[in-house]
Structure formats: C-alpha cells, structure tokens
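Read the structure below first, then the notes.
Rule-based calculations on the coordinates, nothing more; no lab input. Computed from a predicted model, the values in this text were never measured in an experiment. Please note: Cβ atoms are built from the backbone with ideal geometry, for glycine as well, and neighbour counts cover all protein chains shown.
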C-alpha cells in the first residue's frame, strides 16, 4: 500500500481503528473465558449436589417475586435518568420511607383488628397500607426534587449526583434517629399469609409471593399506560428528548419533572411495602441495598428505558435467587453475584440489554 | 399597533454580545424576513423573541404587551410558535404525537381537531405517516412536521428558522410555497433565512442583519434591487 501517506490523519485514524478492534477482541475473548468458566462451574456443582427440580422451581418463583419488587424501584431510577440524566441515589431511601409508612399503617390497622377475620376488611387494609406507602414516598420524592435537585439543574452533572448521595444519607440517618435501630416487623394480614401447593409437584407458592408479583405487574401496566397514553406521559417523553423545544410547545418543564419524581416515588413506595411483606423486617437502612440492586437492574436492562428496567429487574431477581445454588456458593454471596453482573454488563454492553445506542446527543 | 415589536434589544450568549440594539417590527398579516450571514445573530433574535434568551436591555412586545415577565412555556400561550433551526422534532414520538405536542397548551378540542385537518390538507404526507415514529421521516418530511407542529399551536405569529437548510431545491420550493399558503390563511410570519434569494421572493419586507445590528431594511422589492444586498447575499456582481 505504498500509495498511502506515511503520516497524517488517515494513518492515525487507521491506527485508532486497529486499537479499537484489538480492545474489542480482548473484551470478547475475556467474556468467552468467563462464560466457559461459569458453565464449567455450574456443571460441576450440579453433578455434586443434585437439587430436586422443585427446589429450582421454588427459587425461580422466589426470584420473580423479588424481581417484581426491584422493578417497582428500578422504574424510578430509569425514569428520572431518562429525563434529567442523573442517578437519584436517594431513591432507595424514598422506598424505605414508604416501607415505614406502610408499617405504621399496618400496625394501626392490626390494632383495630382489620387485618384478621373479614377478607374484605383485610383486603381494604392491604390497599390502605400500600396507599400510605405510596403517599409518603411521593411526598419524600417530590420534596427531594424541589430541595436537593431543582436548584442544581443547571450545575455540572456531578453536582446533583453528590447532592443525591447526601440526600440518601440524610434520609437514612433521619430514619435512624426517628425510628431507632431496632428492626420493625411487618405482621402479614391473614389474607396474604400461607400459600398453595401446586398439585402433586411439591412446588409451593406463597400468597405473599403471588400478591407481590401480581401487584407489581399491575402497577407496571399502569405506568406503561400513563407514559404511553396520557398527555402528561407524552410531555414526559418530549421533555426527555428535548427540554427546550418541549418548553417552547408550552410544556412547563418543572411540572413534568416533579410529576416524573412523583410517579417514580409512588412505585418505590409500593415497592417499599412489598419489600416489607417479603422481607418482614424494616430498618433505617433497608432501602440501601435494594436501592442499589434496583439501580443495577435498571442498568442491566438499559438505563432510561422503561421496559428495560422491568426486564432487567426480573432477570436480576432470578439470577440472584438461582446464582448461589447454581455456583455452589453460600447464599450470602448473592449480592456479590448481583454486583458482578453490573460490572460485566458495564464492560460488555454499557447500553444495557435492551438499551439503545445513543446516536443523537444527549443532554 | 405592530403585532411584534422588538425594540433596542441587547442579548448575550455567555459573554458574547450577540445582539447590539436590534429593533424590528412585524405587522399583522405580513411575511417579514431577516437575512444575514452565519453568526449575524438571526437565530439569537428568534430565541430572544420566544423567551429562551432574556435580553439584558430592550424589550420584546406582542401587540403592545411586554413579553419579559413570561416564562418560555407561557410565550406560546400568547400566540408565538417557533419552527426551530434543524427541525428538532421529537424523533421518538410518532408524527401524530408530535403534532399533538404542538397543541399541548390548548384545551379547545374542536379547534385542535380542525387544525389537525388543516395541517393534513397542507401536508398530506404527514397524514399518510401519522402513526410512524418521527425519527424515521426524511429530512423534507421532518421539516413539514416541524412546520405543522408549530401550526398546531394556532399561532398568530410564526417564527421560522432556516426552513430550507439541508433540503433539496425542489423541496425548498415547496416549503416556501407552503409558507405563503400559511400566510394567506392569516398567520403572520417572521422568516430567518440564509437563502436570501428565496426569502426575498416570498417576503413582503425584510431586514438585513450584520454582527448583531440591522444595517438595512425595506420592502423585499427594494432589498432585491439594493446593490449591497445583491453583492453580499444574492451573489450578483
């Protein structure tokens, strides 16, 4: 190729392309090695300790339930990112506040005797508990936006992020001061205790699990309809794409952003209550790890992408539930597995599994 | 009283003094064009009119009402709609949703339905593609969509920023025909263009902008015959 100049931009560009390809090849081969190792490990473990199929079924169901809770929280992360391009690190705490509101409402209703006996009263009390969680979370989320994020909207991107971390600690330690260190126990209403065995298969599903999964799916459908069909949802999508033009169309950006926070927080509040029913305990730092997990799930599915957050959450829930047994490690390692997934996704597919390649310039 | 009156406006981009005491007026029913080279301040003028940039000095008023206290999203209520430079349609929304965004602030459902019919008559292509995601439209169709979106606001004054940019000559002709059509139906138009040749053909009056100042104004006819305009903007020696 003697016609090519020895130096100059063309040569440099060519070298850059070669470099990209090399690092790409390295990453892909690295990925293949990891996948082979994982499969090998899973096969070895499966041979040593053959769990019965019921066990796997149980774990998958468990994972889907947990994934449903993650999804409710992850949607808030992803919607706020879609509009403001910032990670609301205090979102886990918004969930925790909802969980506590749910706890106190539940306690009140238990004392009143609503949760036992009459199934109608019991169902109503569950609805009230969820509603209380959602309302308190909405108030927390909207106040957070108003106080900690809105004044910083024109600041460099890192600034609201730091504000978010500060807000997260503020809420956590306020909760510690107000509610104390002792865990608060969620007492399940009769309606969602116990469960059903499926035929002769030996698979057992808990009522709580079914309740959590169905409720989260219903809420996700509701959210989808709001975003796709309503006028406010359309404004949300327009603002996510181009704030200036949206405001020139007469959209009040502040209102739309506050609405987005309210919507995300409402789901997180419901998620907090679900987490309370699932985990049965509520503490001041209960929001922290599930918040990070939900964030991981949002990244896994492709941050900014609503179906991505739903898919990523269910996937993460199942991986977390199956992972320790499949790899033959103690269950305590489930968090390690979850966050390793985050790192792997960021390396191999930074846009997430359902994420789009960002061709147009963002923010 | 003039529909739009921009009086002695000074606007800044950061520290750059972009508009230096600019004054223009647009009367009801007119097509007025603002011509000038790159960086003369044409887009800044439009951005100042619709409130994106607040002038440090001077005033923008619509029918005698000062627009200064209004926020960006409130200016559209006053009857000003912008067709932005580079179209800037919502590429992930459908054509129909884009048009609906144009009518976002309106509550008169009958009027909105009427305007849907009106833009679909003006741009039959958009009707064919109304359920398509707007990002998949061609450049010309996107320009139609941006124009139609502004019409959906039912504006009294429509600001067009470089509608001919990046379009094939045939499309440019048809866009300018549409602009005249819209004007005949009663919308006042302020048109910013680098294509001075086309702009001066459709406009009634024009202003020539140079480094943030108006250096010349007059009827389109007079500007077309002005030696300075011919030399600098029409390429006639």
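Backbone N atoms of region A:110-139 closer than 19 Å to the 7 Å Cα→Cβ label point of residue A:196 belong to residues A:119-120, A:123. Rounded, prolate or oblate for region A:71-126? Axes are the square roots of the Cα gyration tensor eigenvalues, ordered a ≥ b ≥ c, and the cut-off for rounded is a/c under 1.5. Prolate, since a/c reaches 1.5 and a/b exceeds b/c. One decimal place: the segment residue A:10-residue A:182 gains 55.3 nm when fully extended, by the rule 0.36 nm per residue minus the C-alpha distance. Modelled label positions at residue A:258 and residue A:33, each set 7 Å beyond Cα in the direction of Cβ, lie 5.4 nm from each other. Fully extending the segment from residue A:135 to residue A:153, taken as 0.36 nm per residue of separation minus the present Cα-Cα distance, adds 4.0 nm. Residues of region B:16-55 with an amide N closer than 19 Å to a point placed 7 Å from the Cα of residue B:228 along the Cα-to-Cβ direction: B:19-25, B:33-42. Distance from the C-alpha centroid of region A:151-185 to that of region B:104-127: 47 Å, rounded to the whole angstrom.
To the nearest 0.05, what FRET efficiency results for residue A:224 and residue B:7 with a Förster distance of 41 Å applied to their C-beta separation? The calculated FRET efficiency here is 0.25. Spin-label pair residue B:219-residue A:279: with each label point 7 Å from Cα along the Cα-Cβ axis, the two points sit 7.8 nm from one another.
A protection proxy built from the mean count of other Cβ atoms within 10 Å ranks the segments A:170-178, A:142-150, A:126-134, most packed first, as A:126-134, A:142-150, A:170-178.
Quick one: Debye curve from the C-alpha atoms of region A:137-183, no solvent, what's log10 I(q)/I(0) at q = 0.16, 0.19 Å⁻¹? Taken in order of the listed q values, log10 I(q)/I(0) reads -0.50, -0.65. When a/c reaches 1.5 or more, the comparison of a/b and b/c decides; with that in mind, is region A:14-150 rounded, prolate or oblate per its Cα gyration tensor? Cα axes put region A:14-150 in the oblate bin. In terms of other Cβ atoms within 10 Å, B:33, B:211, B:48 run from fewest to most in the order B:211, B:48, B:33. When A:241, B:213 are arranged by Cβ crowding within 10 Å, least crowded first, meaning fewest neighbours, the order is B:213, A:241. Is the shape of region A:155-296 best called rounded, prolate or oblate, per the rule: a/c under 1.5 gives rounded, else a/b larger than b/c gives prolate, else oblate, with a ≥ b ≥ c the square roots of the Cα gyration tensor eigenvalues? Oblate is the answer for region A:155-296, as a/c is 1.5 or above yet b/c matches or exceeds a/b. Region A:131-148 and region A:72-114 have Cα centres spaced 8 Å apart.
Taking chain A as a Gaussian network, where each spring joins two C-alpha atoms under 10 Å apart, which residue of A:290, A:324, A:156 fluctuates the most? Judging by the Gaussian network model, the answer is A:156. From the largest down, chain A spans 89, 63, 40 angstrom on the principal axes of its Cα atoms.
Here the extension length gained between residue A:48 and residue A:22 equals 5.4 nm, from 0.36 nm per residue of separation less the Cα-Cα distance.
When shorter helices are ignored and each DSSP H run of at least 4 residues is given -39500 (n - 2.57), the per-residue value for the protein assembly as shown at 222 nm works out to -19000 deg cm²/dmol. When A:340, A:265 are sorted by how many other C-beta atoms sit within 10 angstrom of their C-beta, beginning with the fewest, the order is A:340, A:265. Modelled label positions at residue A:123 and residue A:173, each set 7 Å beyond Cα in the direction of Cβ, lie 4.6 nm from each other.
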